[in-house]
Amino acid sequence: MNISTVSKPHEQLATTLAGEMAAVNELIQTRMASEHAPRIPEVTAHLVSAGGKRLRPMLTLAAARLCGYEGEHHLRLAATVEFIHTATLLHDDVVDESAQRRGRPTANLLWDNKSSVLVGDYLFSRSFQLMVETGSLQVLDILANASATIAEGEVLQMTAATDLKTDESIYLQVVRGKTAALFSAATQVGGVIANASDEQVQALYDYGDALGIAFQIADDLLDYQGDSKATGKNVGDDFRERKLTLPVIKAVAQATADERTFWERTIEKGRQEEGDLEHAMALMAKYGTLDATRDDANGWAAKAKAALDVLPDHEIRTMLRDLADYVVSRLN
């Protein structure tokens, strides 16, 4: 696919699903209101109005339409997915002590940590109310499990991020928690609510899982070789924040004794000096870990596309395939 000659896949999805997304946005506005605590809609509106592609709720709508759904419960599920995502962002910014998201001050900076945590809790509660309204225990099971997996992934990341014993399997576990769990749940519940076959529901799960992993690996790679204007991050932010992501994990696995001492000082102990980022980049170049990481991202994108083969031949399926290509096209 020639990305440059067509509109972006998520924009195509947004256009195709515009009517349903408008209904989801209206539902989000209604359910984030609070009669007794006006700070809740203030904090939520700040994050919701900051933009973002709304990719996760669109995945739920896309999966439901792909499987022929004609009811309205998919709107509640899409709003649920967005609430879970927004709640995790509020909590993450507190944990990471972030000052900016999507180019705007974070809620915890504008208000305080307590407000961010409690409003996040409120959104989680709202999300479970929406799930229950679908009357599907299977949907409740999927999204409840995803919420637990997300929290588990965040806690694991806290301990694994600066530990040089973190290997690729632990990294993958973190990525499945912090990113892929909500992608896979978003697509899976769209199939469940449409009464798709077990094979199709599994395919939707596999697609979301692989797409989420490709998405996160690509993000981690762009931290070291992306365009700061495009990514909104400075090159090497993850290194400065002592985050063990896949390019570094691959370099540590092949490090000599002296190189391991360097990684221990800069990542585990956090004693970074002038020129350390450049040296880290040189070590990654030495072992070809940036190229290897790109290959991994492309591999997961290919798995995502392959998972769609058992699903109906439909324009949505083509868009979902293109979306998997687009996620990794940023690396080329």
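The values are calculated or read from the model by the stated rules, or taken from the named source; none is laboratory data. Worth saying up front: this structure is predicted, and the values here are computed from it rather than measured. Cβ coordinates were reconstructed from backbone atoms using ideal geometry, including for glycine residues, and neighbour counts include every protein chain displayed.
Going residue by residue through the range 67-90, is there one that turns out to be touching a strand residue (DSSP E or B) at 6+ places or on another chain (Cβ under 9 Å) and at pLDDT below 75? Scanning the range 67-90, I find no residue that is touching a strand residue (DSSP E or B) at 6+ places or on another chain (Cβ under 9 Å) and at pLDDT below 75, so the answer is no.
Of all residues in the range 167-201, those satisfying the criterion of being polar (S, T, N, Q) and more than 19 Å from ALA218 (Cα to Cα) are THR187, GLN188, ASN195, SER197, GLN200. Pairs linking a residue in the range 54-69 that is in a loop (DSSP other than H, G, I, E, B) to a residue that is among the acidic types (Asp, Glu), with Cβ atoms under 7 Å and 6 or more positions apart or on different chains, are ARG54/GLU82.
Among the conditions (1) surrounded by fewer than 21 Cβ atoms within 10 Å (Cβ to Cβ); (2) at pLDDT below 95; (3) in contact with a helix residue (DSSP H, G or I) (Cβ under 9 Å, 6 or more places away or on another chain), the only one that ILE150 does not satisfy is (1). Taking the residues in the range 153-164 that are surrounded by fewer than 16 Cβ atoms within 10 Å (Cβ to Cβ) and free of Cβ contacts under 8 Å to residues at least 24 places away in the same chain as candidates, determine which candidate is farthest from the chain's Cα centre (by Cα). So the residue we want is THR159. Exactly one residue out of ALA45, ALA14, ALA33, ALA50 is modelled with pLDDT under 75 and not polar (S, T, N, Q): that is ALA50. Checked against (1) modelled with pLDDT of 95 or more; (2) touching a His at 6+ places or on another chain (Cβ under 7 Å); (3) of a type outside the set (D, E, K, R), LEU110 passes all but a single condition, namely (1). Taking (1) part of a helix (DSSP H, G or I); (2) farther than 30 Å from GLY68 by Cβ in turn, LEU164 satisfies each apart from (1). The listed residues are SER127, SER115, and the only one of them that is in contact with a helix residue (DSSP H, G or I) (Cβ under 6 Å, 6 or more places away or on another chain), surrounded by 16 or more Cβ atoms within 10 Å (Cβ to Cβ), among the small types (Gly, Ala, Ser) and at pLDDT below 90 turns out to be SER115.
Taking helices (runs of 4 or more DSSP H) as the structural unit, those lying wholly within the range 210-321 and holding at least 2 residues that are of a type in the set (Ser, Thr, Tyr) and either within 17 Å of the chain's Cα centre (by Cα) or surrounded by 17 or more Cβ atoms within 10 Å (Cβ to Cβ) (or both) correspond to 289-307.
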